[in-house]
Amino acid sequence: METELTNDTATEARQTMTQGVDNDNGPSQKERPEVRMRARDLNLWYGSTQALHDINLDMYSREVTALIGPSGCGKSTFLRCLNRMNDLIPEVRLEGRVELDDEDIYDHSVDVVQLRTHVGMVFQKPNPFPKSIYENIAYAPRLHGTGTSRAELDALVESSLKRAGLWNEVADRLDTPGTELSGGQQQRLCIARAIAVNPEVILMDEPASALDPLATATVEELIHELKDNYTIVIVTHNLQQAARVAGYTAFFHMGKIVEFSDTDTLFTNPTEQRTEDYITGRFG
Amino acid sequence: MDTKGFSQHISRQYNEDLEQIITRVMTMGGLVEQQLEAALEALVDGDQAKGEQVVTSDYRINAMEVELDETCTTVLARRQPAASDLRLILAVIKTITDLERIGDEAERVGRMALHLLDEDRQRSPMAEIAALGENVKGMVRGALDAFTRMDAEQAVRVAQEDIKADAQYDSIIRHLVKYLEENPKSVPPVLDIVWATRSLERIGDRSRNICEYVIYFVRGKDVRHTSFEQMAEEATGDRH
């Protein structure tokens, strides 16, 4: 403990803590916040193989939603549908809707490049551009015209690096290549790059699986802070990570959502036997 | 829900850890039953040897509680259990606390029994006390059976026996208070009988607690501080 408590201050602290306890109406069900992204009856095929079956999922504003499930269950495929990354794969066919703020992102009128400024992505392996730390952040805003003057870009680089918790570590070496940073720093640089274009949603595909435990903890802490301003959807194989960072969790199995609920319920008292078997490490 | 026992984890070591924990809880429960049985024989029949046995054997139960707590801590740290595994570990940690306290209450009954003379027994409502003792002994056994079989419905039935135990306790205390009013010089031995009766009643309460943990494990519902009707509903209804 940082401050030493005397008996008197300890008594006072307890009295303060118990004020209002009588007015507490007890535990209540978690109120679900506003929906930012929504998948409706989403089906996806790779050629003739169906990878996603009738996916319906709400992703809440200013919440972290974790997608868990065994390899090949469709969770990363689904994540990539949320900013149309699957468009790049020629044999992919998709039915159903994905909505961002009630607008269908697969509508013909949607500009995919613009969409990806609203729905950013952070990948498993940190992939900074082979440019300076500064240019890694400034590149997209300059491209999209959201930062034009040097002063504007300087401010944007600083604020993005600060929000990604990296500023103090790199402020004096913005000209060094991003690739020279440590793995954890590179991943935070990629997160800073994603937030530089001021997205509404950040998608993360196994963002900490290539990092050591300390760098992982830093990235998880960052996710926790970013949640206040962004909607975050994270794919992770690490169940404890989902339990630590996510407010809501969806369990995918064989291209379907088996169970979706608040994370506390899913990890203590899941409804479905398949969820139970997966999260407890039993034979399914 | 089919909780699939504890032998279906991909990790065999994990299966063994959980199975060992359950076995140790059952062993601890068996010791507690023996202590209670001996304490009742000491109290009701005046068997001094049993009384001394109870007083000197409680340390074994305490040691098992400490050992099981350590094992559960290790499982939490190393396995990070989830869902039914997590509920099992939490239920075990709470169950062994209540078992240890039942052991303490049995020890207290044994200690009080050693103070009593035959004439003290003859002056007290010993038949009623014996009936309360049998009732709570049945509750301990039933709670441990429900735990062993992970049977939420049996847990409800056993917990409901606490209503009877409370009524038996009230009746005995009324009898003893009346006796004390009429025989104010008998306060010390009668107080011993009051303490022993109180301990038996507490054993009923703690058996009920164990039943609540069984329901929590099996159904994922926290039924502490609820009515018996609500408890029965949670134990038999849909899980969600």
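Ranking of A:107, B:151 by neighbouring Cβ atoms within 10 Å, starting from the fewest: A:107, B:151. Across chain B, the relative contact order, built from alpha-carbon pairs under 8 Å that are at least six residues apart, equals 24 percent. Peptide A:262-272 has a mean of 4 when you count, residue by residue, the C-beta atoms of other protein chains within 10 Å of its C-beta. Taking B:13, B:168, B:35 in turn, the Gaussian network model of chain B (Cα-Cα springs below 10 Å) assigns the largest fluctuation to B:13. Cross-link partners of residue B:164 among lysines, defined as those whose alpha carbon lies under 19 angstrom from its own and excluding same-chain residues fewer than eight positions apart: B:137.
Site-free segments of chain A were taken between GluC sites (Glu not before Pro) in DSSP loops having at most 13 other Cβ atoms within 10 Å, sites themselves excluded; the longest one is A:92-284.
Rg and Dmax over the alpha-carbon atoms of the stretch A:66-181 stand at 17.2, 49 Å. Entry note: chain B has Rg to Rh equal to 1.04, where both radii use alpha-carbon atoms and Rh is the Kirkwood radius. Along each principal axis, taking the top coordinate minus the bottom one, the Cα set of the stretch B:125-240 gives 58, 23, 17 Å in descending order. Between the helical axis of B:48-79 and the longest alpha-carbon principal axis of chain B there is an angle of about 20 degrees.
Which one of A:55, B:30, B:214 has its Cα pushed farthest toward the positive end of the charge dipole of the protein assembly as shown, where Lys and Arg give +1 and Asp and Glu give -1 at the Cβ? Going by the Cα projections, it comes out as A:55.
Cross-linked pairs A:125/B:94; A:256/B:221; A:75/A:162; A:125/B:221; A:125/A:256; A:256/B:94: Cα-Cα separations exceed 32 Å for A:125/B:94; A:125/B:221; A:256/B:94. Taking 0.890 mPa s as the viscosity and 25 °C as the temperature, the Stokes-Einstein diffusion coefficient of the protein assembly as shown based on its alpha-carbon Kirkwood radius rounds to 89 µm²/s.
When you restrict to C-alpha pairs under 8 Å that are six or more residues apart and normalise by the size of chain A, the relative contact order lands at 24 percent. Using Cβ point charges alone (K and R +1, D and E -1), the dipole size of the protein assembly as shown about the Cα centre works out to roughly 1220 debye. For chain B, a crude dipole built from +1 on the beta carbon of Lys and Arg and -1 on the beta carbon of Asp and Glu, taken about the Cα centre, is about 480 debye to the nearest 20. For chain A, a simple Cβ point-charge model (Lys and Arg +1, Asp and Glu -1, everything else neutral) yields a dipole of about 920 debye relative to the Cα centre. Counting pairwise Cα distances across the stretch A:32-279, what percent come out greater than 32 angstrom? The share of Cα pairs beyond 32 Å in the stretch A:32-279 comes to 21 percent. Counting other Cβ atoms within 10 Å as a rough exposure proxy, the listed residues B:112, B:26, A:121 run B:26, A:121, B:112 from fewest neighbours to most. Among A:35, B:109, A:122, a tally of other beta-carbon atoms within 10 Å of each Cβ gives an order, fewest to most, of A:35, A:122, B:109.
Each value in this text was obtained by applying a stated rule to the coordinates, not by laboratory testing. These numbers come from a predicted model, not from an experiment. All Cβ positions, even for glycine, are placed from backbone atoms using ideal geometry, and neighbour counts span all protein chains on display.
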